[in-house]
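What follows draws every value from the coordinates through simple rules; no lab data is involved. These figures come from a predicted structure and were not determined experimentally. Neighbour counts run over all protein chains shown; Cβ positions are idealised from the backbone, glycine included.
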Amino acid sequence: MATIEKTRREFRQEVWTQPDAQSGVGVATWQVGIIHEIGADLVVGTILKEIFLFPSDTPTLVSIESRVVTEAARRINSPEYLASVRRRKSTRIKNMLAGLAKKARRDDFEAFTFRVVEEIRELLVQLTDILREGNTREILRQIRDTFLDGGHERYRDSKVRDLVASIFQRLSEADEITPEDVDQAWDELHSSGLEAPVPAVFKVEAVKEEADG
């Protein structure tokens, strides 16, 4: 028996040979299990389909099992789950930024940066109204806005890409994003010359100072 295992979010594949009950001929069997951690309707379920493939030296049975597990979805407002969403998506965006290196000299470079912006917007939507991830959203807005009004051209520069990728690296590793992280991200973006909006917390303090003055 040979076994190949990946993460729960991907699949488990097992391959083995067993004798056929009637003919005694060995049957090559491929079994692929696909696990979905979140079901749309939060209902646990399994779908199993088996197909014989012909022709072959021996009959080959392919068994495909699709299973939905909903424990994560039932804890969808837990800090741990939301942090896992942020870390997973941040890793993806960081890798997309690295991929821009091969596109930096192309005339259609903007099209590739658009995909990065869409991923950022998608993560913002996923974290909407989640108080604990408010600092994450603020950083995402800052970075998103650096791409606007022609700002995407700055991402042809490897130093800019590396800087922003380092911010996503922190988002992909931290258990919690703090106001200090927001300040640090803005300082880094501003120092590099990227047009990032002033964090909302600064705006609130400025209004308060004017009111007190």
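Arranged by the count of other C-beta atoms within 10 angstrom, fewest first, what order do Ile143, Ile64 take?
Ile64, Ile143
Any chance you could run the full-extension gain for Ile130 through Thr91? It's 0.36 nm times the residue separation minus the Cα-Cα distance, nm to one decimal.
That works out to 12.0 nm of additional length.
Exactly which trypsin sites (Lys or Arg not before Pro) in the range 82-118 are in a DSSP loop and have at most 15 other Cβ atoms within 10 Å?
Arg105, Arg106
Would you mind getting me the FRET efficiency between Ala98 and Glu180? Use the beta-carbon distance for r and R0 = 25 Å, nearest 0.05.
So the FRET efficiency works out to roughly 0.45.
Counting other beta carbons within 10 Å of each Cβ, put Thr91, Thr136, Thr178 in order, fewest first.
Placing the least packed residue first, the sequence is Thr178, Thr91, Thr136.
So for Arg121, Arg156, fewest C-beta neighbours within 10 Å to most, what's the order? Don't skip to the end; give the middle numbers.
Details: Arg121 13, Arg156 16.
Ranking Arg121, Arg156 by Cβ neighbours within 10 Å, fewest first, gives Arg121, Arg156.
Counting only pairs 8 or more places apart or on different chains, how many lysine pairs in the range 75-207 have C-alpha atoms closer than 20 Å?
5
Once phi is turned into θ = phi - 60°, what whole-Hz ³J(HN,Hα) does the Karplus curve with 6.51, -1.76 and 1.60 give for every residue of the range 130-143, x standing for Gly and Pro?
9, 4, 5, 9, x, 5, 4, 4, 5, 5, 4, 5, 4, 5
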